[in-house]
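This report refers to the structure that appears directly beneath it.
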C-alpha cells in the first residue's frame, strides 16, 4: 500500500500554540478533526504526535514533531525509516515569511530559505525532493526581525480571517492532495489568497 506522510511543523507547548510559526500544526489539527482521523497520540519512537488512517488506497500519517522547530527533521526521519516511506510520498506543511498572508504555495524541491525547521528536515532526510505546503504569514513590520515575528501570535484581524476564510479550505486541500495528488492540489489551491479582493469602487464615486 502506498503512503502519504503529511508532517506539519511547529513548536510544542501552549506557549507557542497560537504563533505564526505553528500554522503547520494548526493545519494538521484541522485535518485530523474534520477528515475522519483518530486523535493524535504521542509515539516516543517517532519523537512526535501521530494520527493514521487508511484512505484513498493509501496509508496516511499525520505527524507533529515534538522536538522544537529546529530539530523537526529527526521526527520525520524516524517515521520515514520505520515504515520505509519514499520521499515522493512525504509532504511538509510550514509557515513562510516570503508569501503574503493567507496565500498557499505548493511545490516539490527547493531550499530552506532560512527556515530552521526546513533546514532540519532537509538535513535529516538528505534530500530536498519532497513536497512543501507553504502557508504565507507575510513579512514582519519594519524594525522587527523574522526570528521574532514568527514567534508572535496573529493579529485579531488575521485570526478572524484564518478561522472564517482560510481554515474552511484546509480539509478540501487535504482531500485533493490525498485522493488526486500534489499537482491537482497545487492547481486548485496554490497561489490563491483566502483574503477576498476589495470590491471595485463605483465609477460615480471615483468622480466624486
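The length gained on full extension between residue 160 and residue 15, counted as 0.36 nm times the residue separation minus their Cα-Cα distance, comes to 50.2 nm. Counted over the chain with a bin width of 5 Å, the fraction of Cα pairs per bin, in whole percents, is 1, 7, 16, 20, 20, 16, 9, 4, 2, 2, 1, 1, 0, 0.
Can you tell me how much longer the chain between residue 147 and residue 74 gets when fully stretched, taken as 0.36 nm per residue apart minus their C-alpha distance, in nm with one decimal?
Once the chain is fully extended between residue 147 and residue 74, it gains 24.1 nm.
Between the alpha-carbon centres of segment 136-176 and segment 42-94 there is a gap of 23 Å.
Here the Debye sum runs over all C-alpha atoms of segment 67-138 as equal scatterers in vacuum, and log10 of I(q)/I(0) at q = 0.12, 0.16 Å⁻¹ comes out as -0.30, -0.52. Taking the longest Cα principal axis of the chain as reference, the axis of helix 72-83 is set at about 50 degrees. Between residue 41 and residue 54, the modelled labels are 1.7 nm apart [label points 7 Å from Cα along Cα→Cβ]. The slack between residue 191 and residue 100, meaning 0.36 nm per residue of separation minus the straight C-alpha distance, is 31.8 nm.
The calculated FRET efficiency for the pair residue 180 and residue 87, based on their C-beta separation and a Förster distance of 22 Å, comes to about 0.65.
Coordinate-derived values only; no laboratory data. Small disclaimer: the values here were computed from a predicted structure and weren't measured. Every residue, glycine among them, receives a Cβ derived from its backbone with ideal geometry; neighbour counts consider all protein chains shown.
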